[in-house]
Amino acid sequence: MSPFVDRLLLQLSDPAQLAALLLPIADDPLKTRIRTLFDSVYDLPFARLHDVNAVQVRQLEFERPLFPPRRTRQTRTQTVPSHAVTEVAGESTEGLSPAWLDIAAEVGLTLVLEVDPGEVETVLVREITGFNTLDEFRARFRFLDLNAFMAEHHISTFEELRDRFHYLLTQIRLRAPGLFDPADPANQHPFSLKVAILIRDALDLAGALRDAKLARTAAERALTFQREVGPAEVRTPYAPLVIFPEAALAAPFTADNVRAFFARERILALFVTPA
């Protein structure tokens, strides 16, 4: 380990300093850092993130190894006294090099979310009659692939289409959500966010990107995690965070273009000078 890595490990072993790194109110008023980490783990298909009210470091582990399991599959065939086929599948970590997380952190978040409950207001079902051409039928069912429907049911003429079935059109109207109040306690949701921190003492974009992706893949293969949490879908167990020394920045590299490079891979990159 280099002096930079060791100094930063010691500094971030203080939960308060790690929380300040993830959510520096003065330097990051839009809370871009913690939002980026959250977005790398969670999807909100039916909710909108308005704010992050609190960040609390719950657990820290240093130099954690992750061993991605090696999956094996074998097929055994028996011919005597009778024919039989047996498939054997297994996992092993023997002989594999670990992916190392310099810091594995679990962070508690309080999020202000506007959640669409998807409540139904009305359901209307009515029979469609009185159409006289294929175009009229197509106009009544705008979301139906008529050609595919007729081919699937072996219908070749308009008369067959008209006489084969009774056609029902169902319209579902969702209830419009009420006025959103960010101060309402019902709109505050607790979440747990796990962060995989990799500290590098030099600006090596390719090497750091490989390490971060390897750590993320190893976590996905080695750890079990919930795929849904409240209104969120979970894509991966850890949010990767790569830390470089601020002194390593030199043209053509800037903090902005390096952050943008890693952000395209759903990885947060930061530049830090140890205290």
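Details
- Nearest-ten-degree value, helix 205-222 long axis tilted from longest Cα axis of the chain: 60 degrees
- The share of alpha-carbon pairs in the stretch 133-243 lying farther apart than 18 Å comes to 72%.
- Simple point charges give the picture: +1 on the Cβ of Lys and Arg, -1 on the Cβ of Asp and Glu, and for the chain a dipole about the Cα centre of about 520 debye.
- Environment charge of G108, counting only residues whose C-beta is closer than 14 Å and scoring Lys/Arg +1, Asp/Glu -1: +1
- The modelled label-to-label distance between A148 and R227, using points 7 Å beyond Cα along the C-beta direction, is 2.3 nm.
- Ordering A202, P177, F191 by the projection of their Cα atoms onto the charge dipole of the stretch 172-219, which places +1 on the Cβ of Lys and Arg and -1 on the Cβ of Asp and Glu, puts P177 at the extreme positive end.
- Viscosity 1.306 mPa s, 10 °C: Kirkwood-radius Stokes-Einstein D of the chain over Cα pairs, µm²/s: 67 µm²/s
- The angle between the Cα long axis of helix 3-12 and the longest principal axis of the Cα atoms of the chain comes to about 70 degrees, rounded to the nearest 10.
Where a number appears in this text, it was derived from the coordinates with a stated rule and is not lab data. Quick caveat, the model's predicted, so the values are computed rather than measured. Reconstructed Cβ throughout: ideal geometry from the backbone, glycine too, with neighbour counts over all protein chains shown.
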